[in-house]
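One structure is given below, encoded as structure tokens.
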Amino acid sequence: MMRVRWSNSSVTRVVVCAAVMSLAGSAFSATTSPASALSLLPNCGARASSPVFAPWGDTNQYFPEANGGFEYGSSGWSLAAGASVESGNEIFNVADPADAHSLAIAGGAEAISPRTCVAMGENTVRLFVKSSGTGPSSLHVQAFVQNAVTGIVLSTGFDVNASDRTQEWMPTPVFSVPNLLGGVVGAQTLTLVFTTRGASTGSWNIDDVYVDPFKLR
């Protein structure tokens, strides 16, 4: 059985420019109508989504992370210490039957996703993983979100532990990423960092990273 461990959320406050805060305050001043104020908030715009995880009982709509299938090499991603794009796609071909690549993360390697705009709310993330190592290890996923106006950052981590089951491609459980202002209209940016933990021989493949921006709908 795949085991997922959630680490405690942490809050990091970054420097907030007084001018930015002044602008945010003015958007909601008494002289501004509610509709006009909402129009000044950041938003992500429309994106194509689909229930790609429906075969596994998850009918939520997801949109693909930019180059989340690694069909454009490492474009948009930051790879270090042995992370690399290689031939071999997840076996379910949820994006395109012609897809032929995935990302390999060896022990000690790191992969950082592009920054992705997501709506305020309890966003979720899913992807496909495979444990390729010969020893016990975990795939660690650290999710960071940043408020576009205040600069505040939240972070939550997840561990997927290697098992007999993860030696073949499979979807992860649903990962709930931090929500800076629950229920508030607006946007935040999401960044995912992938590393491995455990034995140095442990390595993983990931593919087809998807985000559900509409959990609270």
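What to note about this one:
- Scanning the range 148-169 for residues that are β-branched (Val, Ile, Thr) and either in contact with a Leu (Cβ under 9 Å, 6 or more places away or on another chain) or more than 22 Å from Ser138 (Cβ to Cβ) (or both), we see that the one that is modelled with the lowest pLDDT is Val149.
- Matching residues, the range 124-147, being at pLDDT 90 or above and over 26 Å from Val52 (Cα atoms): Gln146
- Flag if Asp159 is among the charged types (D, E, K, R), farther than 16 Å from Pro213 by Cβ and in a loop (DSSP other than H, G, I, E, B): no
- Taken together, the criteria exclude Leu103 from residues that are in contact with a helix residue (DSSP H, G or I) (Cβ under 9 Å, 6 or more places away or on another chain), buried (at least 18 other Cβ atoms within 10 Å of the Cβ) and either of a type in the set (Gly, Ala, Ser) or more than 18 Å from Tyr62 (Cα to Cα) (or both).
- Exactly one residue among Arg126, Arg165 is over 11 Å from the mean Cα position of the chain (by Cα) and under 20 Å from Trp56 (Cα atoms), and that residue is Arg165.
Every residue, every condition in (1) at pLDDT 95 or above; (2) within 22 Å of Gln146 (Cβ to Cβ); (3) out of contact with any Asp or Glu (no Cβ under 6 Å at 6 or more places or on another chain); (4) not small (Gly, Ala, Ser), yes or no:
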| site | (1), (2), (3), (4) |
| --- | --- |
| Arg5 | no, no, no, yes |
| Arg13 | no, yes, yes, yes |
| Ala19 | no, yes, yes, no |
| Ser39 | no, yes, yes, no |
| Val52 | yes, no, yes, yes |
| Ser74 | yes, no, yes, no |
| Ser78 | yes, yes, yes, no |
| His101 | yes, no, no, yes |
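- Those residues of the range 59-86 which are in contact with a His (Cβ under 6 Å, 6 or more places away or on another chain) and farther than 22 Å from Ser49 by Cα, in sequence order: Val85
- Flag if Ala148 is over 21 Å from Trp77 (Cβ atoms) and not aromatic (Phe, Trp, Tyr): yes
- Qualifying residue in the range 115-130 (condition: in a strand (DSSP E or B) and surrounded by fewer than 17 Cβ atoms within 10 Å (Cβ to Cβ)): yes
- Tabulated pairs, the range 61-86, first touching a residue at least 40 places away in the same chain (Cβ under 8 Å) and within 21 Å of Ala119 (Cβ to Cβ), second buried (at least 16 other Cβ atoms within 10 Å of the Cβ) and of a type in the set (Lys, Arg), C-beta under 8 angstrom, 6+ apart or interchain: Tyr62/Arg126
- The range 39-60, residues that are among the aromatic types (Phe, Trp, Tyr) and either free of Cβ contacts under 8 Å to residues at least 40 places away in the same chain or within 23 Å of Ala119 (Cβ to Cβ) (or both): Phe53
The values are calculated or read from the model by the stated rules, or taken from the named source; none is laboratory data. Please read these numbers as outputs of a predicted model, since none were measured by experiment. Glycine also receives a Cβ, built like all others from the backbone with ideal geometry; neighbour counts cover every protein chain displayed.
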